[in-house]
Amino acid sequence: MEAYSWILYILLPTVAFLYAAVGHGGASSYLMFLALFNFAPEQIRPTALMLNIVVSLMAFWAFRGTVKFPTKLFLSIILFSVPAAFIGGKLSIDAGLYRQILGVLLFFPILRFLNIFPKSTEPRIAENWIISAFLGLGIGFVSGLIGIGGGIILSPILLLLGWTNMKETAAVSALFIFFNSISGLLGINVSTIEFDTQLWVLMPLTIAGGALGAYVGAKKFNYTAVKYTLTFVLFIAAVKLIWG
């Protein structure tokens, strides 16, 4: 563990705040920071998933009352993603490859925070359960394998397809992350893992940050300056993870 790991007490709650504000759980960044500060690999994935479960549920709770939830669309995706996430959680991959995949996935929240993904006010492709099923299978498997909820991948796709608006996307993504994170965690034998003491302190602080982010995100809070600061940090970390 790094000597400056105390900074995680600031970074993780901030990350949770920002991700929950847009309906995400934040696992990709939890994974990144814990990996960069050299926590044991077997501790990182379940820690991120546990945080994801709580933070994403709070985000869904905050956004659920602001939109009419697209239940049919959600079910057509989640029914396929949950079993795929469980299978992914059962697998383990080489540590070097893991860091590279995580680095690539970090570019999704970077582009999301920069509002680069195009949004469509009208469906570019009509809602189709076959497309939804493939989205669920693919995103669910990657989610379980890496230890994320998959919202960072699902959100831009939904916006690009024009199937949901911003707040609908936040609500769908939050609940999607919640169920996928539970499924991925069930695929990991958590009972055999001895967690670092610092993680038990970091988790409640991170959850508190997520609770605040979920509340202010649903209320259209302006967090632009902090968002762009985090985006810069994510970019540097993604490059470091990919190219070492």
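Taking Ser81, is it part of a helix (DSSP H, G or I) and over 19 Å from the mean Cα position of the chain (by Cα)? Taking the combined requirement at face value, the residue does not satisfy it.
Could you please let me know if Ile182 is under 30 Å from Asn38 (Cβ atoms) and open to solvent by 30 Å² or more (accessible area, probe 1.4 Å)? When the stated conditions are applied, Ile182 passes them. Among the residues that make up region 29-37, is at least one of them of a type in the set (A, V, I, L, M) and more than 17 Å from Gln198 (Cβ to Cβ)? Looking through region 29-37, none of the residues is of a type in the set (A, V, I, L, M) and more than 17 Å from Gln198 (Cβ to Cβ).
Only one of the numbered conditions (1) surrounded by fewer than 22 Cβ atoms within 10 Å (Cβ to Cβ); (2) within 16 Å of the chain's Cα centre (by Cα); (3) closer than 14 Å to Pro70 by Cβ is not met by Pro123, and that is (2). What do you reckon, is Gly89 open to solvent by less than 10 Å² (accessible area, probe 1.4 Å) and touching a Ser or Thr at 6+ places or on another chain (Cβ under 6 Å)? Taking the combined requirement at face value, the residue does not satisfy it. Here Ile116 fits the description: closer than 23 Å to Leu234 by Cα, without any contact (Cβ under 8 Å) to a residue 12 or more places away in the chain and of a type in the set (A, V, I, L, M, F, W, C). All conditions in (1) under 13 Å from the mean Cα position of the chain (by Cα); (2) among the polar types (S, T, N, Q); (3) more than 17 Å from Leu31 (Cβ to Cβ) hold for Ser143, with the sole exception of (3). Kindly check whether there is at least one residue in region 19-35 that is under 20 Å from Val104 (Cα atoms) and either among the polar types (S, T, N, Q) or open to solvent by 50 Å² or more (accessible area, probe 1.4 Å) (or both). Within region 19-35 (the criterion being under 20 Å from Val104 (Cα atoms) and either among the polar types (S, T, N, Q) or open to solvent by 50 Å² or more (accessible area, probe 1.4 Å) (or both)), the answer is yes, since at least one residue qualifies. Screening the candidates Phe63, Phe80 for the property of being open to solvent by 30 Å² or more (accessible area, probe 1.4 Å) and in contact with a helix residue (DSSP H, G or I) (Cβ under 7 Å, 6 or more places away or on another chain) yields one hit, Phe80. Note on region 75-127: residues that are of a type outside the set (A, V, I, L, M) and either touching an Asp or Glu at 6+ places or on another chain (Cβ under 8 Å) or modelled with pLDDT of 85 or more (or both) total 8. Across region 135-156, not a single residue is classified as over 30 Å from Glu42 (Cα atoms) and either touching a residue at least 24 places away in the same chain (Cβ under 8 Å) or crowded, with 19+ Cβ neighbours inside 10 Å (or both). Would you say Leu105 is closer than 28 Å to Val190 by Cα and open to solvent by less than 50 Å² (accessible area, probe 1.4 Å)? So Leu105 fits the description; yes.
Taking first residues from region 55-68 that are farther than 19 Å from Gly150 by Cα and partners that are charged (D, E, K, R) and part of a helix (DSSP H, G or I), the Cβ contacts under 7 Å between residues at least 6 apart in sequence or on separate chains come to Thr66/Lys167; Val67/Lys167; Val67/Glu168.
The values are calculated or read from the model by the stated rules, or taken from the named source; none is laboratory data. Since the structure is predicted, the reported quantities are computational estimates derived from the model, not experimental observations. Every residue, glycine as well, gets a Cβ built from its backbone with ideal geometry; the counts of neighbours run over all protein chains shown. Just the protein is used for accessible areas: all its heavy atoms, side chains included, with ligands, DNA and RNA removed. Shrake-Rupley method; radii C 1.70, N 1.55, O 1.52, S 1.80 Å.
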